[in-house]
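Engineer: First, the structure itself, so that you have it in front of you.
The values are calculated or read from the model by the stated rules, or taken from the named source; none is laboratory data. Note that the structure is a prediction, hence the values are computed from the model and not measured. Note that each Cβ is placed from the backbone with ideal geometry, even for glycine, and that neighbours are counted across all protein chains shown. Each accessible area value is taken on the protein alone, full model and side chains, heavy atoms only, with ligands, DNA and RNA left out. Shrake-Rupley method; radii C 1.70, N 1.55, O 1.52, S 1.80 Å.
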Amino acid sequence: MSNKEFEQQLQRSVAQLTKEIQPQRDLWPGIEHALNHEQDSQPKSNSWAFQSMAAAFLMIGLFGWLGFNQMQGGDRTEQLVTVLSEPYQQQKQRLLASYANQPALTDNWQQQVQELDDAAAAIKLALKEEPDNPALLKMLKQVYQQQIDLIERVHAPAWQTI
Amino acid sequence: MQTQGQLVDAQEHFAERAVLNLIEAVKAGDKQAYQMLYQQHLGQVYALCYRLTADRALAEDVTQEVFIQLWRKLDNFRGEAKFRTWLHSVTSNVCVSYLRKQRGWWQRMFNLENSEAMHEVAPGSAGEVDLDSLVQRLPERARMVFVLHAIEGYRHEEIAQIMDMAVGSSKAQFHRAKQLLSEWMGYEQ
């Protein structure tokens, strides 16, 4: 069958696509919840943004200090992982505590947090095999940041620019 | 024929006028009006999100994000374009940015572009095609470009801007999408 036939079939199929699809669950309560908490969430976002910046500065300082002390191989990586993990874990616990009584926008956010925990564990395992791989450290940092973003977003959606 | 055309134009004008009235009420802070606006456009927004994400749960999250952002950004709608067109553009941008944030590192880590789904055996029937199902099996970037270009009518220049890629990459991804669809629909290129 020819290319022309395919193009025609494709055009027909595109034209037949339904313009509207309805979601399986009611999305309005989550939206309404976010709109109602808009005023409350803004200062919180700024506050967490400030804390994230402070944590970033702290980590830069600690990385510098660790580099200065010229630690070796696996020990160095283990300490780097600890230094990298602790501020995120503390921030995560603070967030979970502060949002404990607040309903979330999605039902499966805890599962997503767990998946990210699993990913972090996998990266830590990989770091034991390749202690000098900076990409793995970067990934670990990204996983932790994703967790923080996720927890904040499902409880107090971050307003983005359209 | 002309009368029928004029009738359609008048209906469209009336519908757009009704939407503009709702938007004015929303701008004044009327949440009930916003809920009506949401109900009227939910199917359109969710359809685009679902086609772009190929994931029902994710599409639901993104749809919520679209309407949350829309509430704050509705002041930016000046009525220069039709509301549906403007909303489509907002949805595309929110969706792409949401996906980039959500899946960026997963993709780099696990190379989801080459997911198992795309290697599955194709239905192989060129007669009746469930295009939505086939589009869902496309690799992410190829799927998004295909949806935006072939289904939503965006130009490659616009897609390049939305997806932060080169125009050539958009064209290449579209070509890749068509090649895969052609193969799955039982055509040979």
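Engineer: Looking at B:Ala54, is it at pLDDT 90 or above and at positive phi?
Structural biologist: When the stated conditions are applied, B:Ala54 passes them.
Engineer: Return a yes/no flag: does the range B:123-143 have any residue that is modelled with pLDDT under 50, part of a loop (DSSP other than H, G, I, E, B), within 14 Å of chain A (Cβ to nearest Cβ) and open to solvent by less than 30 Å² (accessible area, probe 1.4 Å).
Structural biologist: Yes, because at least one residue in the range B:123-143 is modelled with pLDDT under 50, part of a loop (DSSP other than H, G, I, E, B), within 14 Å of chain A (Cβ to nearest Cβ) and open to solvent by less than 30 Å² (accessible area, probe 1.4 Å).
Engineer: Among the helices (runs of 4 or more DSSP H) confined wholly to the range A:1-73, which include 2 or more residues that are at pLDDT 90 or above?
Structural biologist: A:3-16, A:28-36
Engineer: Residue by residue through the range A:2-41, note down the ones that are open to solvent by 60 Å² or more (accessible area, probe 1.4 Å) and either at positive phi or among the acidic types (Asp, Glu) (or both).
Structural biologist: Once the filter is applied, which keeps residues that are open to solvent by 60 Å² or more (accessible area, probe 1.4 Å) and either at positive phi or among the acidic types (Asp, Glu) (or both), the range A:2-41 yields A:Glu5, A:Glu20, A:Asp26, A:Glu32, A:Asp40.
Engineer: I need the full set of residues from the range B:161-189 which are part of a helix (DSSP H, G or I) and open to solvent by less than 10 Å² (accessible area, probe 1.4 Å), in order please.
Structural biologist: Listed by number, the residues that qualify are B:Ser170, B:Ala177, B:Leu181, B:Ser182, B:Trp184.
Engineer: Condition first: within 20 Å of B:Asp132 (Cα to Cα) and facing chain A (nearest Cβ under 8 Å). Now tell me which residues in the range B:52-85 satisfy that.
Structural biologist: B:Arg56, B:Ala57, B:Ala59, B:Glu60, B:Asp61, B:Thr63, listed by residue number.
Engineer: Looking at (1) open to solvent by 40 Å² or more (accessible area, probe 1.4 Å); (2) modelled with pLDDT under 80; (3) in a helix (DSSP H, G or I), can you tell me which one A:Gln90 breaks?
Structural biologist: (2)
Table: residues versus (1) at pLDDT 90 or above; (2) surrounded by fewer than 20 Cβ atoms within 10 Å (Cβ to Cβ).
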{"site": "B:Gln2", "(1), (2)": "no, yes"}
{"site": "B:Gly5", "(1), (2)": "no, yes"}
{"site": "B:Glu12", "(1), (2)": "no, yes"}
{"site": "B:Gln35", "(1), (2)": "yes, yes"}
{"site": "B:Gly43", "(1), (2)": "yes, yes"}
{"site": "B:Ala47", "(1), (2)": "yes, no"}
{"site": "B:Lys82", "(1), (2)": "no, yes"}
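Engineer: Related question: Can you name the condition, by its number, that B:Tyr154 falls short on among (1) outside any helix (DSSP H, G or I); (2) within 13 Å of another protein chain (Cβ to nearest Cβ)?
Structural biologist: (2)
Engineer: Okay, moving on. Test B:Arg108 against the criterion of being within 17 Å of B:Leu48 (Cβ to Cβ), of a type outside the set (Asp, Glu), at pLDDT below 85 and open to solvent by 30 Å² or more (accessible area, probe 1.4 Å), and give yes or no.
Structural biologist: When the stated conditions are applied, B:Arg108 does not pass them.
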